[in-house]
Amino acid sequence: MSNQLTTKSLFERDDVKQKFKEILGKKATSFITSVLQIAAQNQLLAKADPVSIYQSAAVAATLDLPLNQNLGFAYIVPYNQSYKDEKGVWQKKQVAQFQMGYKGFIQLAQRSGQFKSIYSSAIYEGQLINANPLDGYEFDFTKKGEKIIGYAARFKLLNGFEATWYMDIEQLKKHGSKYSKTFDNAKGLWNTDFEGMANKTVIKLLLSKFAPLSVDMQRAVITDQAIINDADTQDVTYIDNEPVTIDKEAERVTLLINDAATIEDLMQVKEFVTEENSALYELRFSELSEKELSTEKTKK
């Protein structure tokens, strides 16, 4: 794919159309149309490297998330990237960056079939009762002051495990300032849609730290806020934030705990349990104990 191509001519190529058809089936044509509309309506994206737009769109297609700005599932946004040319001189070029919206993370969690509920919310004055992350956050939503003091995300799995993540406004601003180079940009999402970015931040951190991540959810965490070099191999360049690290070992242990059918199965996992998934282990142990006790009573 030549960088001399326009976004429109690139997406009109037969191999590109076939690629999206393989991913999206009948939805491919309308998806491509939406990408071209987004690129045409944004002056900076219109100047962006067409290949970077294609790779970002391919990630959204693989996750089956619409790119409609009004829906808030996923976005393709422009970024002014610095690079050295062949003579070693610093130059700048417009590239496309893939970004998840908080609704996109919720959508992927729901699709995994493991979540009973997942949501995020602004927290107002008077609603935060307990902010101790070890004891568990407590909120009283019958109260509502005028001022938003923070944002919280919470999920509950079908097996009963639940977790909450809360950040106050100052923590969110520090996070945005540290990990987003567009934080001080008046047109950046942290300024144009602080609520959306705050909800996304608490949901993303909650999921990446405590949730069993499906393949799609892992892909979303890895590709969020990155230039996509290759959507198929998940080769990305982080330009706007530090990547969220997915603890593969913790993820594996979490899956083993959830899949344990007997206490004996569960005991084989015990030596690998860490503080991060100890609560889930205890809950699963209790469930299996009750199940086996009930089975024994039935036999008698």
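Each reported figure results from applying straightforward, stated rules to the coordinates on display, with no laboratory input. Predicted, not measured: the structure shown is a model, and the values here were computed from it. As a convention, Cβ positions derive from the backbone with ideal geometry for all residues, glycine included, and neighbour counts pool all protein chains shown.
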Using Cα atoms only, what is the angle between the long axis of helix 194-210 and the major principal axis of the chain, expressed in degrees (0 to 90) to the nearest 10? 50 degrees
Can you list the residues of the range 60-101 with backbone N under 15 Å from a point 7 Å past the Cα of ASP232, pointing along Cα to Cβ? 62
Looks like the range 50-156, by Cα gyration tensor root eigenvalues a ≥ b ≥ c and the a/c under 1.5 rounded cutoff (else prolate when a/b is bigger than b/c, oblate otherwise), is prolate
Helix 248-259: angle to the longest alpha-carbon principal axis of the chain, degrees 0 to 90, nearest 10? 50 degrees
Based on the alpha-carbon set only, what is the convex hull volume of the chain divided per residue, in Å³? 179 Å³
In degrees, nearest 10, the alpha-carbon axis of helix 50-62 is tilted away from the dominant principal axis of the alpha carbons of the chain by 30 degrees
GNM on the chain, C-alpha springs below 10 Å: top fluctuator among LYS178, LYS27, LYS92? LYS92
GLU282-GLN4 pseudo-label distance in nm [points 7 Å out on the Cα-to-Cβ vector]: 6.6 nm
For the chain, what is the mean residue ellipticity at 222 nm derived from helices alone (per DSSP H run of n ≥ 4: -39500 (n - 2.57); sum divided by total residues; nearest 500 deg cm²/dmol)? -13500 deg cm²/dmol
Of the candidates ASP168, ASP49, ASP15, which one comes out as most mobile in a Gaussian network treatment of the chain with C-alpha springs shorter than 10 Å? ASP15
